[in-house]
Amino acid sequence: MTGLPNERIIYICCNERDDEQLKPSCGKKGSKALVECFQTALDEREIHDIEVVENKCLGACQNGPTVFIYPDNIWYGHVTPDDVQEIVTEHFAKNRPLKRLFIQSIMNKL
Ligand code: FES
């Protein structure tokens, strides 16, 4: 994939619900650790035109931790700290979004 913009925002859902019985929440699955992981990975690569934002619920709770990349319109699900380096390398350094983490139910509708 080519032509992705350099200036991007990484929205990371950090929403925490008290009652996980009703709906899972990304914050309870450790998404807050992703904020620092992304920032560190970007800093290490000296990528400074991508903002990392701790966000409220992104509406893809069953797929959490959920990460949305704007303006690329890419939705990643079940993201762990172990995935962050690969996302930064493939998506941001090589402009190749990481298909294995796509939330297919959303991406298929785009
Ligand atoms: S709680 Fe993370 S997307 Fe809803």
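Suppose we filter region 83-110 for residues that are within 12 Å of the chain's Cα centre (by Cα) and charged (D, E, K, R); how many remain?
2
Checking Thr89 against (1) surrounded by 16 or more Cβ atoms within 10 Å (Cβ to Cβ); (2) of a type in the set (Val, Ile, Thr); (3) under 17 Å from Asp49 (Cβ atoms), only one condition comes out false. Which one?
(1)
For Ala93, work out the one condition from (1) at pLDDT 95 or above; (2) more than 18 Å from Leu110 (Cα to Cα) it doesn't fulfil.
Result: Ala93 fails condition (1) only.
The values are calculated or read from the model by the stated rules, or taken from the named source; none is laboratory data. Please read these numbers as outputs of a predicted model, since none were measured by experiment. FYI the Cβ positions are ideal-geometry reconstructions off the backbone, even for glycines, and counts take in every protein chain you see.
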